[in-house]
Each structure stands twice: as C-alpha cells, then as structure tokens.
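Here is the structure we will look at, set down as structure tokens.
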Amino acid sequence: MIPQTLPVPAAGQRVATPRRYLMCPPDHFAVTYAINPWMDPEAPVDASLAARQWEALRDAYLDLGHQVETIKPEEGLPDMVFAANGATVVGGKVLAASFRNEERRAEGPAYREWFRKNGFARIHDPEFVNEGEGDFLFAGRWILAGHGFRSDPHAHLEAQEFFELPVIGLRLVDPRYYHLDTALAVLDDTTVAYYPGAFSPGSREVLRRLYPDAVIATAEDAAAFGLNAVSDGLNVLLPRAATGLAAQLAARGYRPLGMDLSELLKAGGSVKCCTLELRD
Ligand code: ARG
C-alpha cells in the first residue's frame, strides 16, 4: 500500500538511506554530435579530466556508504556514460529504455543486457520511446514523468501498467531542459526541487498542487544544471556551480555536496545523468 499522504520530515530529521547505483565509466565519452542545446561537437572535451570528475562522483557515493555497480562502456556510444537514461528500476522491475535519437539507440540493448546478466528477472521491453530515469523519476508514492522532447507520453501509460504506480505526466517546454532530470530533482518521498520555467503552465500547476512546499530553483541555478542532482534523503550531490540551490537545500536540513562535472556538462549531463538508481 502506498500512503497518499506522508509526514513531511522537518529539517534536522532527515535520514540518508543506503542506495545502489549503476554507473558507466566515461572511457568513450566525447561530444561528436549535437542532440541537445548544450552539445557543441566543435568545443574541445578534456577526456582525462572527464574521467577524474566521474571518478570523484563515484567515490563520493562510496564514501557515503552507497554501492556502485558499473557497466562496461561501449565504443561508438559516447553518451553511454549517462547511465540514468539506461533504464528505470523500481521494486526490482526494469523498464528498459528506447532512445529517441539514432545516435543513442544501441544503448537500450546494451543496458538491457546488463540487467539480464545481473539477476533482474522482470524486464519489460518498451513499446514506446522512453529515456529511462532521464524522464522517469520515482518519487515514493508515484513516478513523475517528463515528455515534450524525448520520452513519448505513451511511455507514461506503459510505465504505469508495468510498475503499477501512478505516473504523473509533466510537459517540458524549454529545449535546454530536455529531460525531466534536468529540471526537477527528487529529494525524498515528499519533497522535490524544480525550475518552474522548464514546464508548461498546466504542468507547473500540477507540481504546485502536489508539492506546495517544493524547493523552487532560480533560472541561474537551473542553468548551472543544479537540478541534475541525486539525493539519498539527506546528502544531495549536485553541480558545484548551483550555489543558490545548495544554500536553499542546506536551509531545509539537507547536506548539499557540490561536484564539478564540467566536461560531462558539455554533453548536457551532470550528477544525476551519470547515475541510475537500482531499487531492488
Ligand atoms: N547527450 C545526452 C543526450 O542528449 C545527455 C543525456 C543526459 N542524461 C540525462 N539523464 N539527462 O541525450
């Protein structure tokens, strides 16, 4: 039973729960095509810096006591480092991903194969385009789901049937925030942070009704990719440049941990994009 209302934890009562994440090392990371406004194939990427930044993120999770699994990166799939897009996993069930853009299409089966080999028995092969946790964010009582740029809204209904959870569709309208996880971060089962400007008027109103106490990010923090964050209920890893958002989180009793993923940002990804949560 999923309770419809949950007690909102007061600042100071926040608790971290141990998580299990899947990450993909950036061995073949590069910006060789442009499928979102952040990508410029002409701009240089420092591959060894990207590797160090990714390792620092992985080590931060390990230091917090979380488990990190890794998937072998494949040559010719430069965006495979963005593990969040590889699937959606809730209650041990895996909704495999199906990518909108040809350049990323082979990542779907690559991730699916990892799940098959790693003991996940309930895998659903998608009928409609869905880019995993880029657009599906599990929020305790329901799944928040983005559409407008990548995931097909029909995938929302597909996810609802498969996970047997309410799926709340939200329309993204700003191409810079092309995935839901670039515009909204789930902080715990009752709280989210989001940038209203990324959503249609109707979806903004839905968010306001569901989360009257949400952390509202500024345009500046959103542009620093601050909402591409990962929370364990207490610690919130987010891009270091989103200083205003970090201060807001601290005031609410969270522990913000700023990460520098400047090289990954050149592909339009950061902390959350590199992280897929395995909810067994
Ligand atoms: N270059 C990738 C793309 O445009 C970045 C994906 C970022 N991932 C995410 N979960 N938002 O598809």
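Among the residues of the range 223-278, those identified as among the hydroxyl-bearing types (Ser, Thr, Tyr) and either away from the ligand (no atom under 16 Å from the Cβ) or in a strand (DSSP E or B) (or both) are Ser231, Thr243, Tyr254. Taking the stated definitions as given, is Asp213 within 25 Å of Val81 (Cβ to Cβ) and away from the ligand (no atom under 16 Å from the Cβ)? So Asp213 does not fit the description; no.
The criterion of at least 1 residues that are out of contact with any Gly (no Cβ under 7 Å at 6 or more places or on another chain), of a type outside the set (Gly, Ala, Ser) and in contact (Cβ under 8 Å) with a residue 60 or more places away in the chain is met, among strands (runs of 3 or more DSSP E) falling completely within the range 128-209, by 136-138. Taken together, the residues in the range 136-145 that are within 11 Å of the chain's Cα centre (by Cα) and either closer than 16 Å to Ile35 by Cβ or surrounded by fewer than 19 Cβ atoms within 10 Å (Cβ to Cβ) (or both) amount to 0. Given the options Phe120, Phe115, Phe138, Phe128, name the one that is among the aromatic types (Phe, Trp, Tyr) and farther than 24 Å from Asp232 by Cα. Only one candidate passes the filter, namely Phe128. Restricting the range 96-111 to residues that are among the aliphatic types (A, V, I, L, M) and either assigned to a helix (DSSP H, G or I) or within 15 Å of the ligand (Cβ to nearest atom) (or both), the residue that is surrounded by the most Cβ atoms within 10 Å (Cβ to Cβ) is Ala97. Before we move on, is Trp54 assigned to a loop (DSSP other than H, G, I, E, B), within 16 Å of the ligand (Cβ to nearest atom), within 17 Å of the chain's Cα centre (by Cα) and at pLDDT 95 or above? Considered against the rule, which asks whether it is assigned to a loop (DSSP other than H, G, I, E, B), within 16 Å of the ligand (Cβ to nearest atom), within 17 Å of the chain's Cα centre (by Cα) and at pLDDT 95 or above, Trp54 comes out as no.
Between Glu127, Glu133, the distinction of being surrounded by 17 or more Cβ atoms within 10 Å (Cβ to Cβ) and not β-branched (Val, Ile, Thr) belongs to Glu133 only. Examine the range 170-184 for a residue that is acidic (Asp, Glu), closer than 19 Å to Ala87 by Cβ and within 11 Å of the ligand (Cβ to nearest atom), and state whether such a residue exists. Looking through the range 170-184, at least one residue is acidic (Asp, Glu), closer than 19 Å to Ala87 by Cβ and within 11 Å of the ligand (Cβ to nearest atom).
Residue by residue, here is whether (1) under 19 Å from Val81 (Cα atoms); (2) not basic (Lys, Arg) holds:
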{"residue": "Ala229", "(1), (2)": "yes, yes"}
{"residue": "Asp232", "(1), (2)": "no, yes"}
{"residue": "Val236", "(1), (2)": "no, yes"}
{"residue": "Gln248", "(1), (2)": "no, yes"}
{"residue": "Arg252", "(1), (2)": "no, no"}
{"residue": "Leu257", "(1), (2)": "no, yes"}
{"residue": "Ser262", "(1), (2)": "yes, yes"}
{"residue": "Ala267", "(1), (2)": "yes, yes"}
{"residue": "Cys273", "(1), (2)": "yes, yes"}
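The values are calculated or read from the model by the stated rules, or taken from the named source; none is laboratory data. Note that the coordinates shown come from a computational prediction; the quantities given were computed from them, not determined experimentally. In this analysis, Cβ positions are derived from the backbone assuming ideal geometry, glycine residues included, and neighbour counts consider all displayed protein chains.
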